[in-house]
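Structure first, commentary second.
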Amino acid sequence: MKFILPAIAASAALLAPGFAEARQITIETTLKNYGGNGAYLVLYVTDAAGKYKGALWMAGGKAKYYPHLSDWRRASGGALAEIDGVTGASIGSGKTLKMSFDLADAMIDAGYKLHVDTAVEDGRDNPSEAVLPLDASNSGKPVPGKGYVKSISVSF
Amino acid sequence: MFRRFHSLAGVALALGLVLIALTGAALSLQPALDRLATPAIAHSASVAALAEAVAARHQSIDLIRKRADGSMTVAFTDGDIAGVERVDPVTGAGLGDFRASEFTRLITNLHRSFLAGDAGRAAAGVGALAMLALTASGLVMLVRRLGGLRALFRSIPGTPAQRWHGGLGRLAAAGLLLSSLTGLWMSASTFGFIPERDAAIPALVASAGAPAQVGTLGALKAVDVADLRELTFPAPGDNAGVYRLRSSAGEAWIDAATGEALAFAPATTLDRIQDLVRILHTGQGAWALGLWLGLSAAAVPVFAATGILSWRRRRAARPRIARNVSARSAETVILVGSEGNSTWGFAATLHAALTAAGHSVHTAAMNDLAPVHASAGRLLILSATSGDGVAPASAKSFLARLAALNDAVPVAVVGFGDRNFGRFCGFADDVTAAIEAKGWPQILPMKRIDRRSAQEFAQWGHDLGAALGHDLALEHISESPKTFALELVEREDYGVAVGAPVAILRFRAPGTGARAGRLPSFEPGDLLAVLPAESPMPRFYSLASATRDGLLEICVRRRDGGLCSTSLHALAPGDLIQAFVRENPAFRPNSGGAPLILIGAGAGIGPLAGFVRANRAGRPVHLYWGGRSAASDFLYERELARRLAEKRLTSLTTAFSRGPDGGVYVQDRIAADAPRLRELIRQGAQILVCGGCDMAQAVSHALDPVVRSLGLDLAILKSSGRYVEDVY
């Protein structure tokens, strides 16, 4: 799946450091074969100070389950406006989500971090189950999650 | 309209609804099983104590959650291991790994989405809506049929399929209404039609002090484990850590250092409704409710099977009208008033002949009469009469609809009936009178047709053809069900000496051993249709036996000049006849233990003797029967004496018109027994009358004052199935 973050949806926070330069990054998330219903998963970014900057993608369409993505909810305030236009289907057991985003250049190699929260019905909630620095030196290196994520990598 | 919706929607959605219901019934067992497996929560432990006990066993805790089924689970992380375990809700002791059952997950997904994602969820929502509408429309029909809400638990007349459908229906209706309503709510909530609690949380300012032991936090000490929903721990090493506590009261954020609540969002009314709906639908945490809902749902396959059976029977009874053009474009409209669907057969013959003659013809039930029919060139009305001049089933609302029409249209009326009855073609007379009163032109004078006579119908067709200016040959062959051969086993003859020969005839399927033919299923009171060799028109006789007796027993009075009765009386053991069985569900004892009053004369004793024979339960049964002479035509004399001794028959009262003490008729006995009969009717007795038309009329006259003294009348008893007649 390829997805270019549309200008409107690319929340101001993510592009704020500088409109001029943008770079395409690709995030590839592969889930374990945990065998349950589709996983809810949210990708979001915090800055060097740990401050929430915005959501890149929400996989899972039913708002009533969002409170299970508790770190994202706490960091963002949980308002639905945060993920307006960047939601899609939940991700099945063992499946891979691969998406591309245009990210402001200034956010790369500047201490920003990508967070993943996941939750599965009747399973575990995994707030911040993986946290990756947005550093070009880590490009393409897969990192395991502690919950349903088998591996996640960011390519610049 | 209700029936039409109920059958069409029911038949179309049967498979999906059965799947939803069966999976729902399976899931309904879960709360009861969980209840057995889960320790009950005592109102004694605080959330702080539970959290402390759990935290002591793990490096870090992510979440403590009370599941909908009442069990307590803890999500923890020990080094690389992230796990979920069940814990004792009071002591916090580990009870082993938690893993949701794969089977339950599969059944749940089948139940709510047919394993087809959002499209399936939408279909399941439509299913809930359909179930709601089917239950409601079914209840309305049942209440109407039984004669009011208070009569809802009376016994249901009809075929076994109808009795099961209605009988289980009234038991399961409440559960199904609850399940479908709550299911509909949940579906609406899934698709965002019901506003969701805003997930947004207030901005929090934590003290950022060193985290304290969880067991010491004041806000957690104040909450009882029984009220806990979810407790989320702060991430390890998070210095501005905050606990999030969801309880039945609402959601609180608690400072990890001070133990004070930083913010609190009370549960809204909507939250409480959502929780209640969940419990009412799943039965989780309410196992008895769950089992009740499950039992109700388990009846749905029975509704599907019996409903489809009844629907197919109704369809099969009505012949298909080939080339039925729309009402709008038809120049000739045929309207049918039919009780047992035989008039539809005549309509089909007429329809085909007119179509062959180049007419465009629309055929419909008389109840369908609408303004559009008045724009046709002519209306041909074929109507049977039910009982004594009453409108047949498919014409009940005809006269009211006719009254509302203004445009005149030429009409011809054909009445179907039986000259033996008081008002021969009585309803067709009423229809003709109403049309005359409106001043509509009549193409032909009203025609009366006796006992489905094909010759008389052909005669009318000839007249109609003459009026239309072309030949019209109506060759009606009434369609009979498949017949089978029956062999006479034995006969008992009565009444020859008094000039009223009656024979009890017993038939079986011919052949012996494995080659013996199978008998169809029947009960006493059903009809054996016998086809005499010389005529295609079957004659009907009430059966005195049931399938399990292995014999078909009828009681036949020989009538002078009677084609069929004469040939039946000429049979010797071993002779064969051609016959089929027709159900007669209207003439049957209601289920239950209420007394039965059986009244008959002459050969009419046949089915009544059958009811007595089948009374193994020994309910009170009182038989009144009239014959000519105790010496000559006392049918079933010995068997009835035996049934009295066996208590299958409570009392036997006979009347003989040529007795030594002069002529006494069965109606005289009834009049004389009025006090006893009144008491029996007061106790809810059902009255079944079988015999000739005159006898039935005399009996109803004799019973009328008895019933009226109870503040009832025979019409009320008839409408509730407590006064039924089988009259010939």
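Please identify which residues in region B:169-195 have an amide N closer than 17 Å to a label point set 7 Å out from the Cα of residue B:32, following the Cα→Cβ vector.
Residues passing the 17 Å test: B:172, B:175-176.
Of all accessible surface on the protein assembly as shown at a 1.4 Å probe, what whole percent is carbon and sulfur?
Percent of accessible area from carbon and sulfur atoms in the protein assembly as shown: 57.
Residue B:216 versus residue A:96, label points 7 Å from Cα toward the beta carbon: distance in nm?
So the label points at residue B:216 and residue A:96 sit 5.0 nm apart.
Treating the beta-carbon of each Lys and Arg as +1 and of each Asp and Glu as -1, no other charges, what is the dipole magnitude of chain A about its Cα centre, to the nearest 20 debye?
Roughly 360 debye, rounded to the nearest 20.
By how many degrees, 0 to 90 and rounded to 10, does the Cα axis of helix B:102-113 deviate from the longest principal axis of chain B?
Taking Cα atoms only, the helix is inclined about 60 degrees.
Full-extension gain between residue B:638 and residue B:104, please, as 0.36 nm times their residue separation minus the C-alpha to C-alpha distance.
Fully extending the segment from residue B:638 to residue B:104 adds 186.0 nm.
Taking R0 as 25 Å, what FRET efficiency do you get between residue B:57 and residue B:249 from their Cβ-Cβ distance, rounded to the nearest 0.05?
Here the calculated transfer efficiency is 0.35.
Projecting each Cα onto the charge dipole of region B:111-199 (Lys/Arg +1, Asp/Glu -1 at the beta carbon, about the Cα centre), which of B:149, B:176, B:115 comes out farthest on the positive side?
Going by the charge dipole, the pick is B:149.
Of A:53/B:66; B:66/B:221; A:95/B:66; A:53/A:146; A:64/A:113, which pairs sit farther than 25 Å apart, going by alpha carbon to alpha carbon?
A:53/B:66; A:95/B:66; A:64/A:113
Under the 0.36 nm per residue contour assumption, what length would be gained going from the current alpha-carbon distance of residue B:352 and residue B:397 to full extension?
13.6 nm is the gain from fully extending residue B:352 to residue B:397.
With Cβ to Cβ distances under 12 Å as the rule, what net charge do the other residues near residue A:44 carry (K, R +1; D, E -1)?
With Lys, Arg at +1 and Asp, Glu at -1, the net is +1.
Quick one: which residues, 5+ away or cross-chain, put their amide H under 5 Å from the amide H of residue B:726? H built at 1.01 Å from N.
B:689, B:690, B:691
Given a Förster distance of 45 Å, report the FRET efficiency between residue B:177 and residue B:694 from their Cβ-Cβ distance, rounded to the nearest 0.05.
Approximately 0.35, to the nearest 0.05.
Put +1 on the Cβ of every Lys and Arg and -1 on every Asp and Glu Cβ in region B:93-224; which of B:164, B:103, B:209 then has its Cα farthest towards the positive end of the dipole?
The residue sitting most towards the positive pole is B:164.
Suppose R0 equals 41 Å; then what is the FRET efficiency for residue B:566 and residue B:404 from their Cβ-Cβ distance, rounded to the nearest 0.05?
0.20
Please state the relative contact order of region B:221-337 as a whole percent: Cα pairs under 8 Å, 6+ residues apart?
After rounding, I find 10 percent.
With every protein chain left in place, what is the accessible area per residue of the protein assembly as shown in square angstrom, probe 1.4 Å?
45 Å²
I'd like the Karplus ³J(HN,Hα) series for region B:161-168: coefficients 6.51, -1.76, 1.60, θ = phi - 60°, whole numbers in Hz, and an x wherever there's a Gly or Pro.
4, 5, 5, 5, 4, x, x, 6
May I ask for the accessible area buried between chains A and B, both sides summed, probe 1.4 Å, to the nearest 100 Å²?
Chains A and B together bury roughly 2200 Å² of accessible area.
If I model a spin label as a point 7 Å beyond the Cα along the Cα-Cβ vector, how far apart are those points for residue B:116 and residue B:455 in nm?
Modelled inter-label distance: 6.0 nm.
Per residue of region B:520-531, in order, report the coupling 6.51 cos²θ - 1.76 cosθ + 1.60 (Karplus, θ = phi - 60°) as ³J(HN,Hα) in whole Hz, putting x for Gly and Pro.
x, 8, 8, 10, x, x, 5, 10, 9, 8, 9, 9
Compute, for chain B, the length of the dipole vector about the Cα centre, with Cβ point charges of +1 (Lys, Arg) and -1 (Asp, Glu) only. Units Debye, rounded to 20.
So the dipole magnitude of chain B works out to roughly 1440 debye.
Can you spot the lysines whose alpha carbon is less than 16 Å from residue A:98's alpha carbon? Ignore those fewer than 8 places along the same chain.
Leaving aside lysines fewer than 8 places away in the same chain, those within reach of residue A:98 are A:2, A:32, A:141, A:150.
Which positions within region A:121-145 get 50 Å² or more of their accessible surface covered by the other protein chains, compared to the chain by itself, with a 1.4 angstrom probe?
Listed by number, the residues meeting the 50 Å² cut-off are A:122, A:124.
For chain B, calculate the relative contact order in percent as a whole number, restricting contacts to Cα pairs under 8 Å that are 6 or more residues apart.
After rounding, I find 9 percent.
Going by amide H atoms built from the backbone, whose H comes under 5 Å of the H on residue B:251, apart from near neighbours?
B:265, B:267
Grab the Cα-Cα distance for residue B:617 and residue B:497, subtract it from 0.36 nm times how many residues apart they are, and report the gain in nm with one decimal.
Length gained between residue B:617 and residue B:497: 39.5 nm.
Given contacts defined as C-alpha pairs under 8 Å and at least six residues apart, what's the relative contact order of region B:613-728, whole-number percent?
23 percent
Could you give the size of the charge dipole of the protein assembly as shown about its Cα centre, using +1 on the Cβ of each K and R and -1 on the Cβ of each D and E, expressed in debye and rounded to the nearest 20?
Using Cβ point charges on Lys, Arg, Asp and Glu, the protein assembly as shown gives about 2020 debye.
Report, in degrees rounded to the nearest 10, the 0 to 90 angle that the Cα long axis of helix B:287-298 makes with the longest principal axis of chain B.
Relative to chain B, helix B:287-298 is tipped by roughly 40 degrees.
With θ taken as phi - 60° and the coefficients 6.51, -1.76 and 1.60, list the Karplus ³J(HN,Hα) couplings across region B:602-617 in order, rounded to whole Hz; mark glycine and proline as x.
Once rounded to whole Hz, the list reads x, 5, x, 5, x, x, 5, 4, x, 4, 5, 4, 7, 7, 5, 6.
Would you mind checking the tilt of helix B:454-468 against the longest principal axis of the Cα atoms of chain B, expressed as 0 to 90 degrees and rounded to 10?
Once rounded, one gets 90 degrees.
The values are calculated or read from the model by the stated rules, or taken from the named source; none is laboratory data. A quick note: this is a predicted structure, and the numbers were derived from the prediction, not measured. So basically every Cβ, Gly included, is an ideal-geometry build from the backbone, and we count neighbours across all protein chains shown. Areas reflect the complete protein model, heavy atoms only, side chains present, ligands, DNA and RNA absent. Shrake-Rupley method; radii C 1.70, N 1.55, O 1.52, S 1.80 Å.
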